[in-house]
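The values are calculated or read from the model by the stated rules, or taken from the named source; none is laboratory data. Bear in mind that the values here come from a model prediction, so they are computed numbers and not experimental data. With ideal geometry, Cβ positions are generated from the backbone for all residues, glycine too; neighbour counts draw on all protein chains shown. Ligands, DNA and RNA are stripped out before the accessible areas are found, and what is left, the full protein with its side chains, is counted by its heavy atoms. Shrake-Rupley method; radii C 1.70, N 1.55, O 1.52, S 1.80 Å.
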Amino acid sequence: MHLMTCEKLSKSYSLIQLIDAVDFSIDSADKIGLIGINGTGKSTFLKLIVGIEPADSGQIMAMKNLRINYLEQEQDFSGDHTVLEQVFGSRSETMTLIRKYEHTMQALSLAPHDETLQREFDTLTGQMTSNQLFDLEFQVKSILNALGIENFDAKIGTLSGGQKKRVALAEALVTPCDLLVLDEPTNHLDSKTIFWLESYLKQRSGALIMITHDRYFLDRIVNKTIELSRGKLYEYMGNYAYFIEKKSERMALEASMSQKQKNMYKRELAWMRAGVQARSTKSKSRIQRFQILKSEMKNDTDLEMGIEVGYSRLGGKIIEIKSLGMAFDDNILFDHFEYFFAQNDRIGIVGDNGVGKTTLLNLIAGTLKQTSGT
């Protein structure tokens, strides 16, 4: 089934042309990996598809009532919601009914003799049964457990950055949709959870398009790979390994054509420098072709990743941590942690999901205030 078609889609920021008149389509059986070097506009392209950002030109034609779930790289969750409230927060009728059932069941547990609540609970139970939603509720909780979220009543504000990402992923996975759009879904996941997600996505029906830098994850899931490079989309009907093979062939062909173009440019430049006067129609047309060739040579420059290596020389100590403690309400992540970061340290931080790895990085970077210590 055909879900979406993009025609001549373009998007730029200031003078940077991220997407330049691209054509693209998505079918219901597609599992697509979107790749490209950082800064080429991959996340922007996803936002155009889901309708968060408008295109400068072109059009997107989608199937009527197309349902899209989108996992962004960053989440802006309310700290007052519980995990289940967040996951069941979709406005769909299915999720609304499950949310009402969960709320009523929790209220009834606090007031078991409330007849009004009991009648409402009985009504909702009947609706859940007739719509076969108990299986979906069980599936939601199973997905949360698989992603390392076990306390369904925990407030979102008490969760670590990695846990919030996994709650957002669960929300995207469980809400019924025709097209699932994931931006870096494996971030903040350990290898065990990535393996589970890989199995889940392979078995899931419906279209998928995702950005990830995990080549093995791509190899095992996608059946189509698209590369965004210099504003253009290049489509390959296979996984990442197939993409590498076919891109090598494309690059070799482009290199051959580029060399031919350079050789032609050298010949025409030598002809121009010889001082040939444009006295004939043939000479004038040849000069015009040279100007076009010269313009193409200027524009045919590939993107390169620059790495800044300049730094001011520091002493041996970079950062010193003394008696560092961090807690969210009653959840103590760590206490009296001490470490001395030397100039040439290369440090890997490991640990189970939710123990505070991302929080520690934010404390070191100064973007989060510690509970105690310096």
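Going by the conditions given, is residue 180 under 15 Å from residue 69 (Cβ atoms), out of contact with any helix residue (DSSP H, G or I) (no Cβ under 7 Å at 6 or more places or on another chain) and in contact (Cβ under 8 Å) with a residue 12 or more places away in the chain?
Here the answer is no, as residue 180 does not meet what is asked.
Residues that are open to solvent by 70 Å² or more (accessible area, probe 1.4 Å): find the strands (runs of 3 or more DSSP E) completely inside region 1-63 holding 3 or more of those.
In region 1-63, the matching strands (runs of 3 or more DSSP E) lie at 2-13, 16-27.
State the number of residues belonging to region 64-78 that are open to solvent by less than 60 Å² (accessible area, probe 1.4 Å) and assigned to a loop (DSSP other than H, G, I, E, B).
Count: 4.
Can you find, within region 215-241, the residue that is farthest from residue 21 (Cα to Cα) among those that are open to solvent by 60 Å² or more (accessible area, probe 1.4 Å) and out of contact with any Asp or Glu (no Cβ under 9 Å at 6 or more places or on another chain)?
Among them, the one singled out is 215.
Tell me which of these residue 162 doesn't satisfy, since it passes every other one: (1) assigned to a helix (DSSP H, G or I); (2) at pLDDT below 85; (3) more than 19 Å from the chain's Cα centre (by Cα).
For residue 162, the failing item is (3).
For region 206-214, indicate whether the set of residues that are at pLDDT 90 or above, open to solvent by 20 Å² or more (accessible area, probe 1.4 Å) and out of contact with any Phe, Trp or Tyr (no Cβ under 6 Å at 6 or more places or on another chain) is non-empty.
Looking through region 206-214, at least one residue is at pLDDT 90 or above, open to solvent by 20 Å² or more (accessible area, probe 1.4 Å) and out of contact with any Phe, Trp or Tyr (no Cβ under 6 Å at 6 or more places or on another chain).
Over 27 Å from residue 22 (Cα atoms) and not in a helix (DSSP H, G or I): which single residue out of 197, 189, 208, 180 fits that description?
189
Among the listed residues 361, 303, 333, which satisfies the condition of being under 30 Å from residue 36 (Cβ atoms) and modelled with pLDDT of 85 or more?
Going through 361, 303, 333 in turn, the sole match is 361.
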